Amino acid sequence: MELLIKSWAVWMPSVPHAPEQDSSTPQPQPALPQVPAMTRRRLSRMTKIAFEVALTTAVVDQQISTIFASRHGDLHKTLNLLQQLAANEALSPSQFALSVHNAISGQYSIYSNNRADSNAIAAGADSLHYALLEAAARFATEPDLNEMLVVYADEPVPQPYQPFCADPSLAIGLALLLSRNEGLKLQFSMQHDANCDASADQALQLLPLLRGDITTLSIAGRQRHWLWQSV
């Protein structure tokens, strides 16, 4: 399969926040000065990360198909709801609505006035790759599709989940503006391996290829290897 990357953007904290720290410790997050303060206050940290990279690669009011991917989604918000349930507290309908996996897609579509189709993908450690696989399939089957925006965002899971999952190791957002006709040309394929365990931080592993530091890359996925090559 072949992808053309017209532009891309990444956001990571300069000093990663340790998940084991007290939750009251301020966590680094994008400033988003281009987003009105009233809107910005309603955005969770992960939503701000997704907005930061999406708005760097796409234009507000641009009608473009989007794919948002995340392994965990806004798990911090979900945990808060679960803790409220355990304490027999009333839940906020708006907080529940914003905790679902496609909430960021909806918030971005509303803010950017983008009425094109959008999809949300969660596929474990391979979430970014399955989002890109979805994009490649759409380019192959929709001849009128000229551009797509793929946004991956995730952050370390809250402390109660840390013993069970340490992926990702830091908050990260990655946006890829894909084109049919122009951009950095990459080929990727899958090689089946029943004994392969998915590696963590796959978005981080992809960055050297996007920067041009390397020309080939193999990333371990669940029961497969994702093979990349710049053309």
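The values are calculated or read from the model by the stated rules, or taken from the named source; none is laboratory data. Note that the structure is a prediction, hence the values are computed from the model and not measured. All Cβ positions, glycine included, derive from the backbone under ideal geometry; neighbour counts span all protein chains shown. Just the protein is used for accessible areas: all its heavy atoms, side chains included, with ligands, DNA and RNA removed. Shrake-Rupley method; radii C 1.70, N 1.55, O 1.52, S 1.80 Å.
This table checks each residue for (1) of a type in the set (Val, Ile, Thr); (2) part of a loop (DSSP other than H, G, I, E, B); (3) more than 20 Å from LEU204 (Cβ to Cβ).
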{"site": "LEU79", "(1), (2), (3)": "no, no, yes"}
{"site": "GLN84", "(1), (2), (3)": "no, no, yes"}
{"site": "GLN95", "(1), (2), (3)": "no, no, yes"}
{"site": "VAL100", "(1), (2), (3)": "yes, yes, yes"}
{"site": "HIS129", "(1), (2), (3)": "no, no, no"}
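For region 91-104, the candidate set comprises residues that are open to solvent by 30 Å² or more (accessible area, probe 1.4 Å) and not polar (S, T, N, Q); within that set, the residue that is farthest from LEU32 (Cα to Cα) is LEU91. Close Cβ contacts (under 6 Å, 6 or more residues apart or on different chains) running from residues in region 208-231 that are over 14 Å from LEU133 (Cα atoms) and of a type in the set (Val, Ile, Thr) to residues that are open to solvent by 30 Å² or more (accessible area, probe 1.4 Å) and assigned to a strand (DSSP E or B) comprise THR215/SER230; THR216/GLN229; VAL231/LYS185; VAL231/GLN187.
Restricting attention to region 66-90, the residues being open to solvent by less than 50 Å² (accessible area, probe 1.4 Å), under 20 Å from PRO156 (Cβ atoms) and of a type outside the set (Asp, Glu) number 10. Checked against the criterion of being of a type in the set (Asp, Glu) and either modelled with pLDDT under 95 or closer than 21 Å to ALA31 by Cβ (or both), region 77-90 contains one or more residues that satisfy it.
For the condition closer than 18 Å to ALA200 by Cα and without any contact (Cβ under 8 Å) to a residue 24 or more places away in the chain, what is the one hit in PRO168, PRO163, PRO158?
Checking each option against the conditions leaves just PRO163.
Per the listing GLN63, GLN107, the residue uniquely exposed (fewer than 14 other Cβ atoms within 10 Å of the Cβ), within 25 Å of SER179 (Cα to Cα) and not hydroxyl-bearing (Ser, Thr, Tyr) is GLN63.
Could you tell me whether region 150-157 includes any residue that is in a loop (DSSP other than H, G, I, E, B), more than 15 Å from the chain's Cα centre (by Cα) and crowded, with 19+ Cβ neighbours inside 10 Å? Looking for residues that are in a loop (DSSP other than H, G, I, E, B), more than 15 Å from the chain's Cα centre (by Cα) and crowded, with 19+ Cβ neighbours inside 10 Å, one finds none in region 150-157, hence no.
VAL35 meets all of the listed conditions (1) among the hydrophobic types (A, V, I, L, M, F, W, C); (2) modelled with pLDDT of 90 or more; (3) over 16 Å from SER109 (Cβ atoms) but one, namely (3).
Taken over region 185-213, the residue count meeting the criterion of being open to solvent by 60 Å² or more (accessible area, probe 1.4 Å) and either at pLDDT below 95 or farther than 16 Å from VAL10 by Cβ (or both) is 8.
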